[in-house]
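Worksheet: the structure to be examined is printed underneath.
The values are calculated or read from the model by the stated rules, or taken from the named source; none is laboratory data. Here the structure is a predicted model, which means the values were calculated and not measured. Positions of Cβ are generated from backbone atoms using ideal geometry, with glycine treated the same way; all protein chains shown enter the neighbour counts. Heads up: the accessible areas ignore ligands, DNA and RNA and are worked out on the full protein's heavy atoms, side chains in. Shrake-Rupley method; radii C 1.70, N 1.55, O 1.52, S 1.80 Å.
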Amino acid sequence: MITPQQIIHMVDACQDEAIQCLQEAVQTPSPTGEELAISRLFTRWIADCGLTVEQYEAEPGRPNLIAQWHGIWPGKRFLFNGHLDVFPPSDGDGGWYGPWSGKIADGFLYGRGAVDMKGGDCAALMAVRLLRRMNFDPKGSVILSYMVDEENGGWKGVRYLIDQGLLKADVGLC
């Protein structure tokens, strides 16, 4: 049984890794319709923690990602769900440091998607990575799902996966 204190210790010990994950994600441009590079990045990070990533495309070059972590005991399916695309930067408005900077200043990380939704995507990924590293065994399964096209309505992302019967869970977090 893993205690809350052990989780807190692991999160503290892996803070630099978590920041690196978010920096890489923010530094990878992913405006809606151009999600291939960010999907490759997340595929690499997910595979690095020992999970297999399945890709499903409603449109070529725009992969939706699903990875499943199965425990040894049957149980509920928990879903971490997020999107990979961001609104494109406005012409002439690069923000304080540029849309893809990933710069850390005054304790904040800046760039397109840092809050919506790459921060949440990386948090879900890091939760799974660290729990796996701690040899946690979920009762049931944990699913990581990352979609394209959310900023455009989700027709080629979450809607496509639901229509294909690929996105099913008992409980989830987005």
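Would you mind working out the magnitude of the charge dipole of the chain relative to its Cα centre, with +1 at each Lys and Arg C-beta and -1 at each Asp and Glu C-beta, to the nearest 20 Debye?
So the magnitude is around 660 debye.
Could you work out the helix-only [θ] at 222 nm for the chain, with each DSSP H run of four or more residues adding -39,500 (n - 2.57) and the total divided by the number of residues, to the nearest 500 deg cm²/dmol? Before the final figure, lay out the partial values.
Working: 5 runs with 57 residues, N = 174.
Helix contribution divided over all residues of the chain: -10000 deg cm²/dmol.
Give the accessible surface of the chain per residue, rounded to a whole number of Å², with probe radius 1.4 Å and ligands, DNA and RNA excluded.
Result: 55 Å² per residue.
Counting only pairs 8 or more places apart or on different chains, how many lysine pairs in the chain have C-alpha atoms closer than 23 Å? Can you show the working numbers first?
Working: K76/K139; K76/K168; K103/K118; K118/K156; K118/K168; K139/K168; K156/K168.
Within the chain, the lysine pair count is 7.
Just how far, in whole angstrom, is the range 33-67 from the range 93-113 if you go by their alpha carbon centroids?
Between the Cα centre of the range 93-113 and that of the range 33-67, the gap is 24 Å.
Given the alpha-carbon gyration tensor of the range 9-100, what are the semi-axes of its equivalent ellipsoid in whole angstrom, ordered largest first, with each equal to the square root of 5 times an eigenvalue?
Values: eigenvalues 150, 78, 23 Å².
For the range 9-100, the ellipsoid semi-axes come out as 27, 20, 11 Å.
Under 1.5 on a/c is rounded, so check that first for the chain, then, if it is not, pick prolate when a/b is larger than b/c and oblate when it is not; a ≥ b ≥ c are the square roots of the alpha carbon gyration tensor eigenvalues.
oblate
How much of the DSSP bridge set in the chain is antiparallel, in percent, rounded to the nearest 5?
Roughly 50 percent of the DSSP beta bridges within the chain come out antiparallel.
Between K168 and I2, 0.36 nm times their residue separation minus their Cα-Cα distance comes to what?
Separation in residues times 0.36 nm, less the Cα-Cα distance, equals 57.0 nm.
Which peptide among 24-31, 86-93 comes first, and what is the full order, when sorted by highest mean count of other Cβ atoms within 10 Å?
Answer by packing, highest mean first, reads 24-31, 86-93.
Could you check how much of the accessible area of the range 78-174 is carbon and sulfur, as a whole percent, using a 1.4 Å probe?
54 percent
Just the ratio, please: alpha-carbon radius of gyration of the range 61-138 over 2.2 N^0.38 Å, N its number of residues.
On the way: Rg = 16.6 Å, N = 78, 2.2 N^0.38 = 11.5 Å.
The range 61-138 yields a ratio of 1.44.
Evaluated at 37 °C with a viscosity of 0.692 mPa s, what Stokes-Einstein diffusion coefficient in µm²/s does the range 100-166 have when Rh comes from the Kirkwood expression over alpha-carbon pairs?
Working: Rh = 14.4 Å.
Roughly 229 µm²/s, to the nearest whole number.
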